[in-house]
Every structure is written in structure tokens, then in C-alpha cells.
1. With the structure loaded, tell me whether L146 is outside any helix (DSSP H, G or I), in contact (Cβ under 8 Å) with a residue 12 or more places away in the chain and among the aliphatic types (A, V, I, L, M) or whether it fails that test.
2. Can you name the condition, by its number, that Q79 falls short on among (1) assigned to a helix (DSSP H, G or I); (2) in contact with a Leu (Cβ under 7 Å, 6 or more places away or on another chain); (3) more than 23 Å from P116 (Cβ to Cβ)?
3. Can you report the number of residues in region 87-133 which are part of a loop (DSSP other than H, G, I, E, B) and under 20 Å from I43 (Cβ atoms)?
4. Take the residues in region 191-222 that are touching a helix residue (DSSP H, G or I) at 6+ places or on another chain (Cβ under 8 Å) and of a type in the set (D, E); name whichever of them is farthest from N15 (Cα to Cα).
5. Name the one entry in L158, L179, L221 that is under 15 Å from V25 (Cβ atoms) and modelled with pLDDT under 90.
6. If you take the residues of region 179-188 that are in contact (Cβ under 8 Å) with a residue 40 or more places away in the chain and surrounded by fewer than 22 Cβ atoms within 10 Å (Cβ to Cβ), which of them is nearest to D160 (Cα to Cα)?
7. Return the pair list, or none, for Cβ contacts closer than 7 Å from residues in region 91-118 that are over 14 Å from H64 (Cα atoms) to residues that are polar (S, T, N, Q) and buried (at least 22 other Cβ atoms within 10 Å of the Cβ), at least 6 apart or on different chains.
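The values are calculated or read from the model by the stated rules, or taken from the named source; none is laboratory data. Remember, predicted model here, so these are calculated numbers, not experimental data. As a convention, Cβ positions derive from the backbone with ideal geometry for all residues, glycine included, and neighbour counts pool all protein chains shown.
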Amino acid sequence: MARTEFPKCIIPAINFKGGTGKTTVTIALAEGLCRQLRKRVLIIDCDFQCSASIALLGRHALNHLIALNATLDCQLERQVNGGEALCLSDAIVQPRHCVKEASELMFLLPGNPDMPRRERQILSSFLPGRDIHSAYQRASVWIGGLYRSLLEDFDLVLIDCPPGLTLFSEAAIRAADGLIIPTLPNEISFAAIDHLRHEIGRTRPDRALEDLLVGTIISKLCDRASSEHRNYQSASIEQLLDRVAPRFRILRPYLPYCRELESTTWRNDEAARIEFAHRYGRSSKAIEQLTQAVAGRCRTLLANKPGTQMFERLSAVSNA
């Protein structure tokens with residue numbers, strides 16, 4: 001695919017259920033898009049568990065940035081307090097552990113375990129003279145605007161969201177051009193998506209979940225040797241998705257539960273960069289196909305999107 005065929009966009013990987021593979025999917029898609037389409041991709045880690053940051057930097061490098069207050073939440077806190085003329089891009093770093101093919105194209109805005117505390121401090125700056133609900137809206141719209149400003153320097157911004165709703169993940173929903181929903185093949189994960197549907201209706205009156213959905217990615221699928229069993233399980237998943245929430249736009253192939261994918265979030269601090277095929281092993285082909293499916297869906301979804309008028313109106317209200 002040519003570089004110009006992929007629209008600039010912000011795509012959060014989100015599901016309010018924990019353990020659905022959001023970080024794994026985010027990293028795999030980022031490396032796949034860098035490798036296949038030669039895109040400049042930024043991952044924003046807005047999860048206080050910092051899984052993406054640890055995977056891409058290593059614990060020691062991330063701890064060094066945390067000590068320097070050089071993470072997403074620290075940057076936002078400084079900006080909202082107006083003490084320093086900084087922007088989010090000042091905290092962006094290059095990953096130490098991405099695949100070779102992504103080494104000059106992939107970037108990270110790291111997270112911090114202190115994000116819940118700083119979230120309260122940021123919110124307090126929007127409270128004087130306002131109720132808590134309007135302050136939360138204004139704060140999330142402000143952060144969403146900063147997320148969108150990063151598209152000046154990147155082709156794609158992928159946001160690794162935490163389970164549940166935080167100020168940082170609500171800002172991701174407000175800023176999103178589309179959404180990717182990693183999910184486990186079970187009822188509990190699907191129930192969390194229904195909660196997400198409700199929150200999108202509240203925060204994005206311009207778009208419904210179906211309007212924003214790039215696709216649902218089934219992760220950690222049992223990869224048994226029996227093709228008959230696998231086919232049966234796949235059919236059961238699709239029937240369940242259709243019954244729980246039609247038009248989930250399931251992306252294929254499903255991602256199996258396997259060592260190569262799980263190890264993307266357990267990278268050794270001393271590990272050297274390796275090639276994509278070596279990193280993902282037998283999962284390489286599936287990730288390549290999934291990357292192509294995501295790229296195709298993004299082009300289709302964003303070809304006739306309404307634009308950012310609603311976001312601009314909300315920003316105007318926030319700044320009033």
C-alpha cells in the first residue's frame with residue numbers, strides 16, 4: 001500500500017475489561033504498520049499499569065523517565081498549571097525494544113504509575129467555579145485536543161487505554177477517529193463493550209460506537225491442534241457476537257494465545273532489536289493479515305467521516 005492511502009488518525013485500543021490483550025494488540029499493530037506501510041506511529045500509554053511503556057522501554061529506562069517527570073501525566077500537569085511552555089511531544093521517546101523494521105518509525109509517549117493521582121490534580125485545575133461533571137468534561141476535551149495536535153508529526157496515534165474509564169481514556173474517546181476493541185471470547189468481555197457503548201454515547205453525541213468502530217479483535221483464542229475444535233470455537237464466538245451486539249465488525253484472523261504474542265509485553269531490558277519475523281514467529285502471518293485488515297477498515301471508515309467539527313465545538317466550550 002502506498003503511504004498516501006492511509007489517513008492520518010487517532011485510534012485507541014479500548015475495552016473496559018482488563019486482560020483482553022489491549023497492550024499486545026497495540027504493540028503488534030504499531031510494529032506491523034511501521035513494517036508494512038512505513039508509517040510514523042506513536043503509541044500513547046495512558047494506562048497507569050504502564051505495560052506498553054515497560055515492554056517498549058524496559059523497566060529501568062521507564063523508571064529513569066518517571067524520576068525525571070518525563071511522562072504523559074507529568075507533561076499534562078505542567079501544561080495545565082501553565083508553569084512551563086511545554087507540549088506533549090517533548091515527552092515522546094523512541095522505544096528501545098521495538099522490531100528492527102520499526103526502529104526509525106515508532107515512538108512512545110510513556111505512562112506512569114502515578115497517573116491516578118495526577119489525574120485528580122489536573123482535574124482540580126478545571127474545578128473553580130464549576131461542578132465536577134463540567135470540570136471533567138472540560139479537562140477531557142482539553143487533553144483530547146492535545147492528543148489530536150500530535151497528528152502534525154505522526155501518521156497514526158495508537159492509544160493503549162486502561163480497563164475502566166479515566167480522564168486520560170475519556171480524552172482518547174473524545175479525540176478518536178476510530179476505535180479498536182480487543183476482546184476475549186467470553187460474555188464478561190462483551191458486557192464491558194456494552195458499557196463502552198454507553199460511554200461513547202455520553203462523550204461523543206456526534207458518533208455511535210458503530211460509527212467509530214474500526215473492528216473487534218478476538219485475542220487469546222485457544223489454539224489447539226484440532227482444526228475441528230478451533231472451527232467450532234470460532235463459529236460459537238461469531239454467533240455470540242451477533243447475539244450480544246450486532247455489527248461488531250470482527251477482524252480476522254483471530255489472534256491465538258501463544259508464546260510469541262504474550263512475550264511482547266515481557267521484553268528483557270538488555271534485549272537487542274530483532275526482526276519482525278523473529279519477534280513474532282508463528283504469529284507473524286496472522287499479525288500481517290490483521291494489520292492489512294485494520295488499514296483497510298481505517299481507509300473505509302475515514303473516507304467520508306464527518307470531520308472534527310463536533311470536537312472543535314466541544315473545545316470551544318471548554319476554552320470559554
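1. Values: outside any helix (DSSP H, G or I): no; in contact (Cβ under 8 Å) with a residue 12 or more places away in the chain: yes; among the aliphatic types (A, V, I, L, M): yes.
Here the answer is no, as L146 does not meet what is asked.
2. If we test Q79 against (1) assigned to a helix (DSSP H, G or I); (2) in contact with a Leu (Cβ under 7 Å, 6 or more places away or on another chain); (3) more than 23 Å from P116 (Cβ to Cβ), just (3) comes out false.
3. The initial filter retains those residues of region 87-133 that are part of a loop (DSSP other than H, G, I, E, B), namely 87, 92, 94-99, 103-105, 110-114, 125-131.
Those left that are additionally under 20 Å from I43 (Cβ atoms): 87, 92, 94-99, 103-105, 110-114.
Result for region 87-133: 16.
4. Filtering region 191-222 for residues that are touching a helix residue (DSSP H, G or I) at 6+ places or on another chain (Cβ under 8 Å) and of a type in the set (D, E), the one farthest from N15 (Cα to Cα) comes out as D206.
5. On the way: L158 fails: modelled with pLDDT under 90; L179 fails: modelled with pLDDT under 90.
Exactly one of L158, L179, L221 is under 15 Å from V25 (Cβ atoms) and modelled with pLDDT under 90, namely L221.
6. L184
7. L108/S53
Conditions (1) hydrophobic (A, V, I, L, M, F, W, C); (2) out of contact with any helix residue (DSSP H, G or I) (no Cβ under 9 Å at 6 or more places or on another chain); (3) not in a helix (DSSP H, G or I), marked per residue:
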{"position": "R35", "(1), (2), (3)": "no, no, no"}
{"position": "I43", "(1), (2), (3)": "yes, no, yes"}
{"position": "Q49", "(1), (2), (3)": "no, no, yes"}
{"position": "S53", "(1), (2), (3)": "no, no, no"}
{"position": "H60", "(1), (2), (3)": "no, yes, no"}
